[in-house]
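First the structure, in the form of structure tokens, and then the observations on it.
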Amino acid sequence: TRSLTLKYIESVPDDKLSFSPGNYFGTLGKQLRHLLDVQECYLKGLETGEIDFKKKRKDCTMETSKIKLLTYAKELDEKLKSLMRN
């Protein structure tokens with residue numbers, strides 16, 4: 001599943017990250033950033049035993065950068081691998 005997410009991020013041209021499918025939807029970049037932020041919350045929950053969505057990273061600068069989104073996703077992958085080893 002993760003490889004599909006990474007391939008999708010890689011396939012979206014940088015200038016399309018600002019595309020929104022409708023008035024009540026965020027941009028593609030915002031939706032991808034949110035997906036990763038929520039994953040980070042769950043990873044923190046695995047570490048601490050508590051999930052707190054109010055403490056999301058929410059670095060909005062990555063919403064327009066495919067490189068930043070991919071870097072964030074790979075950081076989270078490494079964190080998950082580390083948790084699985086422990």
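Side notes on the structure shown:
- Carbon + sulfur, % of accessible area of the chain - ligands and nucleic acids excluded, 1.4 Å: 56 percent
- When the alpha-carbon atoms of the chain are used, the pair Rg, Dmax equals 13.5, 44 angstrom.
- Size of charge dipole - the chain - debye, nearest 20, with Cβ of Lys, Arg +1 and Asp, Glu -1, no other charges: 60 debye
- For the chain, the relative contact order is 33 percent, taking Cα pairs closer than 8 Å that sit 6 or more residues apart in sequence and dividing their mean separation by the residue count.
- Dividing the summed helix terms, -39500 (n - 2.57) for each DSSP H run of n ≥ 4, by the number of residues in the chain produces a 222 nm estimate of -20000 deg cm²/dmol to the nearest 500.
- Loop-located GluC sites (Glu not before Pro) in the stretch 25-58 (DSSP state other than H, G, I, E, B) with a sparse environment of at most 12 neighbouring Cβ atoms within 10 Å: Glu50.
- Only lysine pairs 8 or more places apart, or on different chains, with alpha-carbon atoms under 13 angstrom apart are counted in the chain, and they number 13.
- Added length on full extension, which subtracts the Cα-Cα distance from 0.36 nm per residue, His34 to Lys7: 8.0 nm
- Probing with 1.4 Å while keeping every protein chain in the model, the per residue accessible area of the chain equals 70 Å².
- Extension gain, Thr48 back to Asp14 (0.36 nm per residue minus Cα-Cα distance, nm): 8.7 nm
The values are calculated or read from the model by the stated rules, or taken from the named source; none is laboratory data. Remember, it's a predicted structure, so these values are computed and weren't measured experimentally. Glycine gets a Cβ as well: all are built from the backbone with ideal geometry, and neighbour counts include every protein chain shown. Areas reflect the complete protein model, heavy atoms only, side chains present, ligands, DNA and RNA absent. Shrake-Rupley method; radii C 1.70, N 1.55, O 1.52, S 1.80 Å.
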